[in-house]
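Peer 1: My questions will all concern the structure given below.
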Amino acid sequence: MKDHCVDVVRDGDRPALRFADRFNVAVPFVDRHVAEGRGEKAAIRTLDGQEISYAALAESVGRCGNLLKTMGVAPDARVLMIVKDCPEFFYLFWGAIKAGAIPVPLNTLLRAKDYQYMIEDSQAAALVYSPEFSAEVEPALAAAGHTPSHVLLTDDLLDRLGGVDAALEPYPRSADDDCFWLYSSGSTGFPKGAIHRQRDMVVTSEFYGVDTLGVGEDDVCFSAAKLFFAYGLGNAMTFPLWVGGTAVLAAPRPTPDMTFEVIETFKPTLYFGVPTLYAAQLAALDQASPDLSSIRWCVSAGEALPADIFRRWKERTGTVILDGIGSTEALHIFISNTPDDQRPGTSGRMVPCYDARIVGEDGQPVPRGEAGTLLILGGSTARAYWNKPEKTAETMLADGWLSTGDTYRQDEDGYYVYEGRADDMLKVGGIWTSPVEIEARLIEHPKVLEAAVVGRADDEDLIKPEAWIVLTDAAQGGDTTALQAELHDHVKQGLAPYKYPRWWHFVDELPKTATGKIQRFKLRADD
Ligand code: 3UK
């Protein structure tokens, strides 16, 4: 088999992939298209009017890889990316992979404290950021106990690419070698860098992208979820690149106005959102009537899509939203509704090439219909968390099984129904939110003695944080409007903006166990 090639084998019970021994994944995703005659086709279109052809993409990727090499970024060294959705994200991600380095895209909504941790944890050789994020990135660099040898703004990166050679021999890799990391958060403790292999993006693109969703060369993909999420990375980068389609990139915050403008301008055929945004778009559709007719399928992930949103969206727009569950550790969606098989209010059925088990506390499968922890097995799961052997052992189980931390049951027809998290973690607008982290920020405020945060469903049936506060001086509890505003600002300044509580309760005490643990389940029951 030719170097860097992969075959899809469909003659057994289930499809499988065969990789060449020497396999650098930048070649099939980027260089292949030029060899296949797609050089002039648009790989990327942007909201600010750029169009990048496959040939231009391959050149910039080669230049970027060479630049990293000449700067001295060694094979396996980490390149942190705090980069908005723009073509440079592609150049850097694939350039690093082609040169043998490990790109690590980070959530661009985080705060200095979060970036400081990731700089130290990853021991990154380089950090590249968009100027929009300098107010959080620069203090993080100043405070970090590790200094990346190279710190670059994306504009400087572009300037420097001009003088660099585009021809780059792909660094020799195999399909099971490390490729890139994505950080995932937990309810306590710090984010964990999930290590993905060269093969993982091929698995998700082929078995979810092509087999499940039917992505093809004529598709134009627009993801409201940004590239730094595993969800957005697949939707707006690996799926279109795998099939030679076109990605539409838009840097601004995804609001109903922004997404409708992009859809009307670029006429995407596949649109990827999260439940919170679908709810906001539905509300906006009361006032506006954008032309959404280019869309073949809408996709939702990140948190469960309520059946009512599915129904109202279909009624209002005529298109179907395919809900599927994915994770950073699995890289993309592994259980999904599909174009010809949907059951609203469920996550759907297994994507080909993944297996699932629902197990009880003893680790044994529960009878069909009963709830338990969902484990999955498949070719795209992260091999480990960086430097976190205990967390790795809890999540990456024997024989390749991955524990999702989600409680699921399978209905009589085989559809998987989401029943909540095994831990206290919340998904707010599709993004991980730790109640413990919000509580820790709240009690930094001098007027707060104790705080507890739980998830509560809003009118759309979507989960948002709710805070229960015990004040240092109970007498302040009279008029709480000003206090609430003060605490709201305090949370927003210290944490990523989506994490602020939407409801506040000022109480005399919090329910606790005999050992002093907050009983969050009692607060959840209290609404
Ligand atoms: C929850 C869902 C119910 C679930 C993701 C698509 O969300 C993604 O990755 P994360 O690591 O979070 C994973 C966790 O989020 N979840 C995701 N989708 C659903 N719960 N229904 C859903 N449809 O708790 C899961 O364990 O942020 C989603 C593709 C790639 C991804 N990384």
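The values are calculated or read from the model by the stated rules, or taken from the named source; none is laboratory data. Remember, it's a predicted structure, so these values are computed and weren't measured experimentally. Here the Cβ is made from the backbone with ideal geometry for all residues, glycine too, and neighbour counts use every protein chain on show. These accessible areas exclude ligands, DNA and RNA; they are computed on the full protein's heavy atoms, side chains included. Shrake-Rupley method; radii C 1.70, N 1.55, O 1.52, S 1.80 Å.
Peer 1: State whether one or more residues within the range 279-286 are open to solvent by less than 50 Å² (accessible area, probe 1.4 Å) and under 23 Å from Y408 (Cα atoms).
Peer 2: No, there is no match, as no residue in the range 279-286 is open to solvent by less than 50 Å² (accessible area, probe 1.4 Å) and under 23 Å from Y408 (Cα atoms).
Peer 1: Consider C353 carefully, then state whether it is under 29 Å from D218 (Cα atoms), surrounded by 20 or more Cβ atoms within 10 Å (Cβ to Cβ) and within 14 Å of the ligand (Cβ to nearest atom). Reasoning before the result, please.
Peer 2: Numbers: under 29 Å from D218 (Cα atoms): yes; surrounded by 20 or more Cβ atoms within 10 Å (Cβ to Cβ): yes; within 14 Å of the ligand (Cβ to nearest atom): no.
Spelling it out, it is not the case that C353 is under 29 Å from D218 (Cα atoms), surrounded by 20 or more Cβ atoms within 10 Å (Cβ to Cβ) and within 14 Å of the ligand (Cβ to nearest atom).
Peer 1: Shifting gears a bit: Which of the strands (runs of 3 or more DSSP E) contained wholly in the range 130-226 include at least 1 residues that are open to solvent by less than 50 Å² (accessible area, probe 1.4 Å) and more than 25 Å from H332 (Cα to Cα)? Full working, then the answer.
Peer 2: Values: elements: 150-153, 178-184, 192-197, 220-223.
In the range 130-226, 150-153 are the strands (runs of 3 or more DSSP E) which contain 1 or more residues that are open to solvent by less than 50 Å² (accessible area, probe 1.4 Å) and more than 25 Å from H332 (Cα to Cα).
Peer 1: How many of the residues in the range 368-395 are away from the ligand (no atom under 14 Å from the Cβ) and either polar (S, T, N, Q) or in contact (Cβ under 8 Å) with a residue 12 or more places away in the chain (or both)?
Peer 2: 12
Peer 1: Given R78, R63, which one is at pLDDT 95 or above, touching a helix residue (DSSP H, G or I) at 6+ places or on another chain (Cβ under 9 Å) and surrounded by fewer than 24 Cβ atoms within 10 Å (Cβ to Cβ)?
Peer 2: Residue meeting the stated conditions: R63.
Peer 1: Looking at the structure I just gave you, is R111 open to solvent by 40 Å² or more (accessible area, probe 1.4 Å), of a type outside the set (S, T, N, Q) and touching a residue at least 60 places away in the same chain (Cβ under 8 Å)?
Peer 2: The answer is yes for R111.
Peer 1: Considering only the range 336-350, I want to know if a residue exists there that is hydrophobic (A, V, I, L, M, F, W, C), within 15 Å of the ligand (Cβ to nearest atom) and open to solvent by less than 10 Å² (accessible area, probe 1.4 Å).
Peer 2: No: the range 336-350 contains no residue that is hydrophobic (A, V, I, L, M, F, W, C), within 15 Å of the ligand (Cβ to nearest atom) and open to solvent by less than 10 Å² (accessible area, probe 1.4 Å).
Peer 1: Among (1) open to solvent by 20 Å² or more (accessible area, probe 1.4 Å); (2) in a loop (DSSP other than H, G, I, E, B); (3) touching a residue at least 40 places away in the same chain (Cβ under 8 Å), which single condition is D85 missing?
Peer 2: All conditions are met except number (1).
Peer 1: Would you pick out the residues in the range 303-327 that are within 16 Å of the ligand (Cβ to nearest atom) and open to solvent by 30 Å² or more (accessible area, probe 1.4 Å)?
Peer 2: Once the filter is applied, which keeps residues that are within 16 Å of the ligand (Cβ to nearest atom) and open to solvent by 30 Å² or more (accessible area, probe 1.4 Å), the range 303-327 yields A304, A307, D308, G326, S327.
Peer 1: So which of S289, S294 ends up being more than 16 Å from the ligand (Cβ to nearest atom) and either touching a residue at least 40 places away in the same chain (Cβ under 8 Å) or part of a strand (DSSP E or B) (or both)?
Peer 2: After applying the criteria, what remains is S294.
Peer 1: May I pose another question? Looking at (1) under 28 Å from E261 (Cα atoms); (2) part of a loop (DSSP other than H, G, I, E, B); (3) in contact (Cβ under 8 Å) with a residue 12 or more places away in the chain, which is the one condition that is false for G49?
Peer 2: All conditions pass for G49, except number (3).
Peer 1: Would you kindly identify the strands (runs of 3 or more DSSP E) lying entirely within the range 404-511 that contain at least 2 residues that are away from the ligand (no atom under 16 Å from the Cβ), open to solvent by 20 Å² or more (accessible area, probe 1.4 Å) and at pLDDT 95 or above?
Peer 2: Per the criteria, 503-506.
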